[in-house]
Amino acid sequence: MDPGTSVMGYGVIMVKGNETKLIQYGVIHLSKYTTHELKLKKIFERVIGIIDDFDPDEVALEAPFYGKNVQSMLKLGRAQGVAMAAALSREIPIAEYSPKKVKQSVTGNGNASKEQVANMLKTILKCDLEPKLFDATDALAVALCHHYNGNSAVAKTKSWKSFITDNPGRVK
């Protein structure tokens, strides 16, 4: 998930062996709600709905980052906290990753643009993605980052040769 207070992205993937499949992705529009409290309530309800619909094993979120506006970061942190609370209320384990870590995991470049991330996702997931739905593609990138970091083949293998044998889809 890519928590936000105007738009929140989500993505659901399924991983079986070396195959990663896109199940669903989208955005939750929150700008129509007039108060921050109503936005947080809607985030909680929608995350619960996604969890109930797809029964994920784990939930991964992008961590808020500090830009120039402390208030924005606080609001994003609250949105992330509500999404975490929704997952935890269903006893789903959670993980969080910095934006730089997500980009690095998916593109190999921690400073990649949103367009570069979206293009790499098309290649990895072997599907067309809606152009300009960057909150949703960011959420898919978080899911892939979690998969790559939670199932690190490098840590389980003793050599590059065995890594390549075990992960033919990850070699370019």
Within the stretch 89-108, of all residues that are aliphatic (A, V, I, L, M) and either surrounded by 17 or more Cβ atoms within 10 Å (Cβ to Cβ) or closer than 16 Å to Leu144 by Cβ (or both), the one nearest to the chain's Cα centre (by Cα) is Val102
Checked pairs for the stretch 110-137, first within 16 Å of Met1 (Cα to Cα), second among the acidic types (Asp, Glu) and assigned to a loop (DSSP other than H, G, I, E, B), C-beta under 8 Å and 6 or more apart or across chains, list as Ala136/Glu130
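Inspect the stretch 25-41 for any residue being under 20 Å from Val7 (Cβ atoms), touching a Leu at 6+ places or on another chain (Cβ under 6 Å) and assigned to a helix (DSSP H, G or I) and give the result as yes or no.
Looking only at the stretch 25-41, we keep the residues that are under 20 Å from Val7 (Cβ atoms), and these are 25-41.
Applying the additional criterion that residues be touching a Leu at 6+ places or on another chain (Cβ under 6 Å) yields 25, 39.
From what is left, the residues that are assigned to a helix (DSSP H, G or I) are 39.
Yes - at least one qualifying residue is present in the stretch 25-41.
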Across the stretch 7-41, the tally of residues that are within 28 Å of Cys127 (Cβ to Cβ), surrounded by 15 or more Cβ atoms within 10 Å (Cβ to Cβ) and either basic (Lys, Arg) or more than 13 Å from the chain's Cα centre (by Cα) (or both) stands at 5
Counting only residues in the stretch 37-70 that are touching a Ser or Thr at 6+ places or on another chain (Cβ under 7 Å) and modelled with pLDDT under 95, the one nearest to Gly11 (Cα to Cα) is identified as Ala63
When the stretch 89-105 is checked residue by residue, the ones that are touching a residue at least 40 places away in the same chain (Cβ under 8 Å) and of a type outside the set (S, T, N, Q) are Arg90, Ile92, Ala95, Tyr97, Lys101, Val102
With the first residue restricted to the stretch 8-37 and required to be under 15 Å from Ala139 (Cβ atoms), and the second required to be of a type in the set (Ser, Thr, Tyr) and surrounded by fewer than 16 Cβ atoms within 10 Å (Cβ to Cβ), Cβ contacts under 8 Å at 6 or more apart or on different chains are His29/Ser6; Leu30/Ser6
Ala86 vs (1) surrounded by 19 or more Cβ atoms within 10 Å (Cβ to Cβ); (2) closer than 25 Å to Ala118 by Cβ; (3) without any contact (Cβ under 8 Å) to a residue 60 or more places away in the chain: all pass except (2)
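The values are calculated or read from the model by the stated rules, or taken from the named source; none is laboratory data. All values derive from a computational prediction rather than experimental measurement. In this analysis, Cβ positions are derived from the backbone assuming ideal geometry, glycine residues included, and neighbour counts consider all displayed protein chains.
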